[in-house]
Amino acid sequence: MFAVIRTGGKQYRVVAEDVLKIDKIKGEPGEIIQLGDVLVVGGDNVTLGAPTVAGASVAAEVLEQGRDPKVIAFKKRRRKNSRRKRGHRQEFTLLRVTEILTDGAKPSLSARPKAQAKPKPAPAQADDEDTEEARPKAKTKGKAAKPKAGKKPAKPAGKGKAGAKGKGRK
């Protein structure tokens, strides 16, 4: 059985266990949501909606809420000294279709329990005397504050070349 759903201004053909990436909708990862805009339900016999199929919905589990990679919109008008750079990251929701429901049925699957994070073990604490001896001394990677020999000082800003136009002339 398949269905054609509409969400975010786009249409998707889905089958149970399909994973699809759609524009962002509300829902926490692991939560089961229902998508009600079903345009077509197919299988042995096809049901077309006018505009949607009455009583049909698609149940899906939210896998992830995320953002796409950045897209740069750069506009330049040549010879006009005009340019604009703007970045954009589209937000999305990753879904796994669990079942296609007809006749106003409710989803049979409930949300899967969230995986709990394992607590990190606390670092072992020793006496102050042991820690000072046990720690190796850190090496500094910075440059020493020594004057550099052999370098000439920068030239003072003066007049540019004779007849020069632009930057060097005052």
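Ranked by how many other Cβ atoms sit within 10 Å of their own Cβ, fewest first, the residues L39, L95 fall in the order L39, L95.
The C-alpha radius of gyration of the stretch 2-101, expressed as a fraction of 2.2 N^0.38 Å, stands at 1.46. With the cut-off at under 18 Å, measuring from each backbone N in the stretch 74-110 to a point 7 Å along the Cα-to-Cβ line of E17 picks out 95-101, 108-110. The length gained on full extension between K75 and E91, counted as 0.36 nm times the residue separation minus their Cα-Cα distance, comes to 3.4 nm.
Report the rotationally averaged projected area of the stretch 1-52 based on its alpha-carbon convex hull, in square nanometres. Mean shadow area of the hull around the Cα atoms is 4.0 nm².
A short reminder: the numbers here are calculations on the coordinates, not readings from a lab. Because the structure is predicted, anything quoted here is derived from the model rather than measured. With ideal geometry, Cβ positions are generated from the backbone for all residues, glycine too; neighbour counts draw on all protein chains shown.
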